[in-house]
Amino acid sequence: MPTIGVAIITKNAQAHLADCLNAVTWCDKIVVLDSGSTDQTLSIAQAYGAQIEQTSDWPGFGIQKNRAIALLDTDWILALDADEVLDAELIQSIQAAIKAPTASVYQISRLSNYCGRWIYHSGWNPDHLPRLFQRGHAAYSDSLVHEKLNFSGPAPLLAGQLLHYSFDRLDDVLDKVNRYSSAGAEQRLQRGERSGLGKAIYKGLWAFIRTYVLQRGFLDGREGFILAVSNAEGTYYRYLKLMYLGSK
């Protein structure tokens with residue numbers, strides 16, 4: 001049987017880490033690469049037998065995930081976030097795929113939870129992500145945020161769901177809007193982009209219309225509207241921060 005390892009990066013990820021790790025105890029190796037957690041993240045990882053490594057710097061999500069992947073020597077690698085949980089059907093699909101592979105990379109269907117509600121529209125579903133791959137056949141981009149897994153060839157979709165507990169509380173949403181808008185602005189500045197107030201307003205408004213109307217966020221009820229507003233805020237502040245960065 002080919003071996004499989006799990007790569008997870010963490011920082012203060014105690015909320016759903018135990019559920020995440022409990023669903024992958026059948027794997028041959030689990031690596032948790034932490035960047036300064038002050039909650040119970042490390043003790044939870046230790047309780048599940050994970051190999052724990054720590055870094056003192058933060059190079060961005062892409063590079064950090066590649067660091068975690070490099071710590072694995074298994075035949076197959078499953079890249080997870082600490083707030084993601086495999087369901088039973090997905091576990092069986094992964095085991096079958098690595099036993100008799102038809103590709104070197106596989107996609108997984110992710111279903112996300114926003115403040116207690118599973119989101120089936122709003123641009124969040126369907127959400128197919130390449131996460132399972134043979135070692136050496138894929139690597140993440142060096143992006144600060146919104147990193148992508150780069151690979152060649154087909155990536156079949158596995159049956160089952162990856163349950164993503166993206167935001168438990170509104171406070172978590174606001175915190176991520178601030179952090180990701182800052183990183184997104186810095187990333188765009190590095191690419192030579194510039195912004196202004198008008199562009200920030202336009203981009204934010206368009207983000208709301210796209211999420212709530214075109215991507216049918218209105219079908220996700222109250223949380224669909226809140227999600228559309230938070231998308232608009234994140235986009236608006238991203239380009240507003242880019243405006244100020246570009247004026248320095």
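The values are calculated or read from the model by the stated rules, or taken from the named source; none is laboratory data. Everything quoted here is computed from the prediction, not taken from an experiment. In this analysis, Cβ positions are derived from the backbone assuming ideal geometry, glycine residues included, and neighbour counts consider all displayed protein chains. These area figures cover heavy atoms from the full protein model, side chains too; ligands, DNA and RNA do not enter into them. Shrake-Rupley method; radii C 1.70, N 1.55, O 1.52, S 1.80 Å.
Give the residue that is least open to solvent (accessible area, probe 1.4 Å), with candidates limited to residues of segment 183-242 that are within 23 Å of the chain's Cα centre (by Cα) and among the β-branched types (Val, Ile, Thr).
Ranking the qualifying residues of segment 183-242, first place goes to 211.
Only one of these conditions is not met by residue 6: (1) at pLDDT 95 or above; (2) open to solvent by 10 Å² or more (accessible area, probe 1.4 Å). Which number is it?
Only one criterion in (1) at pLDDT 95 or above; (2) open to solvent by 10 Å² or more (accessible area, probe 1.4 Å) is unmet by residue 6, namely (2).
Could you grab me the full set of residues in segment 87-109 that are out of contact with any helix residue (DSSP H, G or I) (no Cβ under 6 Å at 6 or more places or on another chain) and under 13 Å from residue 137 (Cβ atoms)?
Scanning segment 87-109 gives 98, 101, 103, 104, 105.
Here is a list: 44, 69, 94, 52. Which entry is under 23 Å from residue 165 (Cα atoms) and in contact with an Asp or Glu (Cβ under 7 Å, 6 or more places away or on another chain)?
52
Of the residues in segment 3-26, how many are part of a loop (DSSP other than H, G, I, E, B) and touching a Ser or Thr at 6+ places or on another chain (Cβ under 8 Å)?
Looking only at that region, the number is 4.
Among the residues of segment 140-172 satisfying the criterion of being more than 16 Å from residue 125 (Cβ to Cβ) and of a type in the set (Phe, Trp, Tyr), which is surrounded by the most Cβ atoms within 10 Å (Cβ to Cβ)?
So the residue we want is 140.
Look at segment 177-205 and say how many of its residues are closer than 27 Å to residue 111 by Cα and free of Cβ contacts under 8 Å to residues at least 24 places away in the same chain.
Within segment 177-205, residues that are closer than 27 Å to residue 111 by Cα and free of Cβ contacts under 8 Å to residues at least 24 places away in the same chain number 1.
For segment 36-82, give me each residue that is open to solvent by less than 40 Å² (accessible area, probe 1.4 Å), in a loop (DSSP other than H, G, I, E, B) and under 15 Å from residue 7 (Cα atoms).
Of everything in segment 36-82, those that are open to solvent by less than 40 Å² (accessible area, probe 1.4 Å), in a loop (DSSP other than H, G, I, E, B) and under 15 Å from residue 7 (Cα atoms) turn out to be 50, 55, 72, 74, 82.
Which of the residues belonging to segment 90-139 are open to solvent by 60 Å² or more (accessible area, probe 1.4 Å) and assigned to a strand (DSSP E or B)?
Selection gives 117, 118, 128.
If residue 13 passes every condition in (1) open to solvent by 10 Å² or more (accessible area, probe 1.4 Å); (2) touching a residue at least 60 places away in the same chain (Cβ under 8 Å); (3) closer than 26 Å to residue 157 by Cα but one, which one does it miss?
(3)
Determine whether residue 106 is out of contact with any Cys (no Cβ under 9 Å at 6 or more places or on another chain), over 28 Å from residue 172 (Cα atoms), in contact (Cβ under 8 Å) with a residue 12 or more places away in the chain and not small (Gly, Ala, Ser).
Spelling it out, residue 106 is indeed out of contact with any Cys (no Cβ under 9 Å at 6 or more places or on another chain), over 28 Å from residue 172 (Cα atoms), in contact (Cβ under 8 Å) with a residue 12 or more places away in the chain and not small (Gly, Ala, Ser).
Is it true that residue 143 is in a strand (DSSP E or B), under 25 Å from residue 83 (Cα atoms) and among the hydroxyl-bearing types (Ser, Thr, Tyr)?
Against the criterion (in a strand (DSSP E or B), under 25 Å from residue 83 (Cα atoms) and among the hydroxyl-bearing types (Ser, Thr, Tyr)), residue 143 does not qualify.
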